[in-house]
Every structure is written in structure tokens, then in C-alpha cells.
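J.: Take a look at this one; I'll ask things after.
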Amino acid sequence: MKGKNYKSAILHQVDYLKEAIRERYGIPYDNSWQKRMEHLVPTLESLSTKDATYFAQELETVLNKDKINKYQFLTLSASIEKIREEVETR
């Protein structure tokens, strides 16, 4: 039963992160994650270009799946949280 909620939980986190990025940096809500991360790399200290590219690819892969497993959820959720915290504090 819990496993059914992983996808929706990630979707909620992603929507919140998109909105935070739009409010803070003015990056359009409908940009791809690749473009969004390209704009964020110079402004976020903890995010290298390599990490940003990997995050964008991983996120788009997971978002295109019907279901995600617990491991994918936990790793992606941790990355989203890290980026969100830095976006909100910068």
C-alpha cells in the first residue's frame, strides 16, 4: 500500500521545488529540468554541473515511470530536499 504513494509524493515535492525556483530565480515553471538545473548551477554552491545533469536525468526518468521503488524515492527525495533548502536560503 505504501509503495503506491511514492510516485505522488515525488510529484508533490517536484511541484513545490519548481514553484520555489520560479519564485526565487524567475525560471519558468514549464522549463525542462535540464534547463532549470543549468540556470541553478552558478547560483547553488553545493551543486556541480555533473551532479545537476545527473539529477535532471534521474528525475526525468523517474517522472516518466508509472511506479518507483523505495530506493529511488529515498535518493531522489533527499536530492530534492537538499536543492530546495539551498534555493530557499540563498
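The values are calculated or read from the model by the stated rules, or taken from the named source; none is laboratory data. Note that the structure is a prediction, hence the values are computed from the model and not measured. Reconstructed Cβ throughout: ideal geometry from the backbone, glycine too, with neighbour counts over all protein chains shown. Surface areas here come from the heavy atoms of the whole protein model, side chains and all, with no ligands, DNA or RNA. Shrake-Rupley method; radii C 1.70, N 1.55, O 1.52, S 1.80 Å.
J.: Let me have the 222 nm mean residue ellipticity of the chain computed from DSSP H runs of 4+ only, each contributing -39500 (n - 2.57), with the sum over all residues rounded to the nearest 500.
T.: Computed ellipticity for the chain at 222 nm equals -23000 deg cm²/dmol.
J.: Same structure, new question: Let me check I've understood the local charge: for Asp51, count other residues with C-beta under 11 angstrom from its C-beta, Lys and Arg +1, Asp and Glu -1. What total comes out?
T.: Here the charged neighbours net out to +1.
J.: Determine which lysines satisfy two conditions relative to Lys70: a Cα distance under 19 Å, and not lying fewer than 8 residues away in the same chain.
T.: Lys2, Lys4, Lys7, Lys82
J.: For the chain, build the charge dipole from Cβ charges (+1 Lys, Arg; -1 Asp, Glu) around the Cα centre, then report which of Ser32, Tyr16, Leu74 sits farthest towards its positive end.
T.: Leu74
J.: Run the numbers on the chain and let me know its relative contact order in percent, using alpha-carbon pairs under 8 Å that are six or more apart.
T.: 44
J.: Further, regarding this structure: How much of the accessible area of the chain, probe 1.4 Å, is carbon plus sulfur, in whole percent?
T.: Using a 1.4 Å probe with all protein chains present, the chain comes out at 52 percent carbon and sulfur.
J.: Using 7 Å Cα-to-Cβ label points, what is the Lys4/Asn31 separation (nm, one decimal)?
T.: 3.7
J.: Rolling a 1.4 Å sphere over the protein heavy atoms, what is the accessible area per residue of the chain, to the nearest Å²?
T.: 65
J.: Given Cβ point charges of +1 (Lys, Arg) and -1 (Asp, Glu) and nothing else, what value in debye, to the nearest 20, does the dipole of the range 8-90 about its Cα centre take?
T.: Computed charge dipole of the range 8-90: roughly 140 debye.
J.: If you build a Gaussian network model of the chain, linking Cα atoms that sit under 10 Å apart, which residue out of Tyr71, Tyr25, Tyr54 swings the most?
T.: Maximum among the listed residues: Tyr71.
J.: Going by a ≥ b ≥ c, the root eigenvalues of the Cα gyration tensor, does the chain fall in the rounded group (a/c under 1.5), the prolate group (a/b larger than b/c) or the oblate group?
T.: Since a/c reaches 1.5 and a/b is larger than b/c, the shape of the chain is classed as prolate.
J.: Give me the one-decimal nm value for the distance between modelled label points at Leu11 and Tyr54, 7 Å along each residue's Cα-to-Cβ direction.
T.: 2.8
J.: Determine how large the accessible area of Ser77 is when every protein chain is in place; take a 1.4 Å probe and give Å² rounded to the nearest 10.
T.: It works out to around 20 Å².
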